[in-house]
Amino acid sequence: MTSLVEAHPFPDSGAVESDDPNTLDHFNRPGKIIPYKHTDPFKKITKPSWVTNRQSSSLPYHFSALKKDADKEKACLTECRKERDEVEAYCASEFAVNGIVYNMERVGNGIHLITLLVNSDGLYKMSRLYITPDGFFFRVHILVLDTLNCSKPCPDFKLGSRYIVMGRIYHKRRQIPANLLQFLRGRLRPGDGLLRSSSSYVKRFNRKRDRTVQAAHAKCR
């Protein structure tokens, strides 16, 4: 004989799942219906600052970073353009010439090879500087290293312009990074000029500077 329970079994509330949103949640509370809750997909999306009229918290950081970059650039250019005493620079340098920029070759970031055309009057101080005769002029090859890394080249040479240049002379004992020597192989010789933006002298030629440099030899100790 079949019992009433066997004929009409109640579903197990812990085992039955239904896709019907109106299914009874608990059978011990008959008639309790959980209404279907509609979820708004746009509710959790953060509104942009221009809608909420709130300033993004990252903006002050960006303004601060921009200010630091501007201050760094200003200090960099000030260091590059500062006036160095011609006599002091002459005495501290291994060579001093004035000449016209004949050729410029960019070797890498902040690295250039410069060729100057110098006449005999422009050879203030030679030491062991390597020069090549070229008609009425001499060619002087110079490696320029921009150690300040400003946004603008330092020193900033222009083709066809005339400069007074004082710096060091390259030789094998003078240390240059090995990775740089790979690019300079065959183009840099012992005796060529070597300029570093933080320690060399490069200024546009004028008569006043010319006279000062010519008279500097007698003032060196």
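Hand me the tally of lysine pairs in the stretch 83-221: alpha carbons under 30 angstrom apart, and the pair either on different chains or 8 or more positions apart.
15
Once a ≥ b ≥ c are taken as the square roots of the eigenvalues of the Cα gyration tensor of the stretch 96-156, is the result rounded (a/c under 1.5), prolate (a/b larger than b/c) or oblate (a/b not larger than b/c)?
Prolate shape, in that a/c is at least 1.5 and a/b is the bigger ratio.
Which distance in nm do the two modelled labels at ASP210 and LYS72 give, with both placed 7 Å along the Cα-to-Cβ direction?
Those two pseudo-labels are separated by 4.1 nm.
Is any residue of the stretch 111-128 close enough, with backbone N under 20 Å, to a label point placed 7 angstrom from the Cα of ASN179 along the Cα-Cβ axis, and if so, which?
Hits in the stretch 111-128 for ASN179 at 20 Å: 111-113.
Ignoring ligands, DNA and RNA, what percent of the accessible area of the stretch 168-213 is carbon or sulfur (1.4 Å)?
47
Between MET104 and ALA218, what length in nm is gained on full extension when 0.36 nm per residue of separation is reduced by their alpha carbon distance?
Extra length available between MET104 and ALA218 comes to 37.7 nm.
Of all beta bridges DSSP finds with both residues in the stretch 116-207, what is the antiparallel percent, to the nearest 5?
Values: 13 of 17 bridges.
Counting only bridges with both partners in the stretch 116-207, antiparallel ones make up about 75 percent.
Can you order the peptides 73-79, 213-219 by their average number of other Cβ atoms within 10 Å per residue, highest first?
Taking the mean over residues of other Cβ atoms within 10 Å, the ranking is 213-219, 73-79.
The values are calculated or read from the model by the stated rules, or taken from the named source; none is laboratory data. These numbers were taken from a predicted model, which means no experiment stands behind them. Don't worry about glycine lacking a Cβ; one is built from the backbone with ideal geometry, like all the others, and counts go over all protein chains shown. The area values use the complete protein model at the heavy-atom level, side chains included, leaving out ligands, DNA and RNA. Shrake-Rupley method; radii C 1.70, N 1.55, O 1.52, S 1.80 Å.
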